[in-house]
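The values are calculated or read from the model by the stated rules, or taken from the named source; none is laboratory data. Owing to the predicted nature of the structure, the values given are computational and were not obtained by experimental measurement. Neighbour counts are summed over all protein chains in view; Cβ atoms, including those assigned to glycine, are modelled from backbone coordinates with ideal geometry. The protein model used for the area step is the full one, side chains on, heavy atoms only, and it has no ligands, DNA or RNA in it. Shrake-Rupley method; radii C 1.70, N 1.55, O 1.52, S 1.80 Å.
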Amino acid sequence: MEGGALSSNRAIVGTNDGFVDREVFLNVYDLTPFNSYSIWFGFGIFHTGIEVYGMEYGFGAHDYSISGVFEVDPRSCPGFIYRCSISLGHIDMSASEFREFIETMASDYHGDTYHLISKNCNHFTDDISHRLNCKRIPGWVNRLAKFGSIFSCLLPDSLESTTVKQLPEYHTYEDDVSDSGSNSSSQEASENEEVDHKVLISPTRTAEIAFIKEIPR
């Protein structure tokens, strides 16, 4: 296979807040079993997530102008077939600094801006890795999108604008904390609150994907 090799080790370094894992991994998933054959020709259809500090972060599509960046347990994104992990380097920021970073980045990746060819999950992971001063993701991971951008006239419209159908459905998350003064809230406010609390949940409930709440720039 082209690109990086499977990596199973985790580098541990000492910091003031204890021993933490600062290695950055690209977790690669197959979107289709056909990848087992097409990878030998240098292309395939892949989903990727960035693993940092024991969580994996990805980008998916939905119909709302809010964060499409989500987090999930590493190497367990529902709807995809895990293939391998590739080490991209290490970061210098603390866990809290990284959290602020990913929440800020979420404002650049709204779910309704997802596009399979021009702004997909692999563009997201490459951008995040670059901003963390780590390696760029291997070229074979997003080669199909690069091909599509050059020969878009050969691709059907449905493929150019499709969302990632393999991602779990979106469901409303009910907050456990109730507001005693909510009776006076308007219907518009309720609708906005519902959108703010959208969460990605696996239909099989074997894993949970939750949106990262964005920090406006």
Task: Two-site label geometry, S94 and K135: point separation in nm, points 7 Å out along Cα→Cβ - done: 3.0 nm
TODO: Please give the solvent-accessible surface of E51 in Å², to the nearest 10, using a probe radius of 1.4 Å with every protein chain present.
DONE: 10 Å²
Task: segment 87-145 shape via C-alpha gyration tensor axes, a/c threshold 1.5 - done: oblate
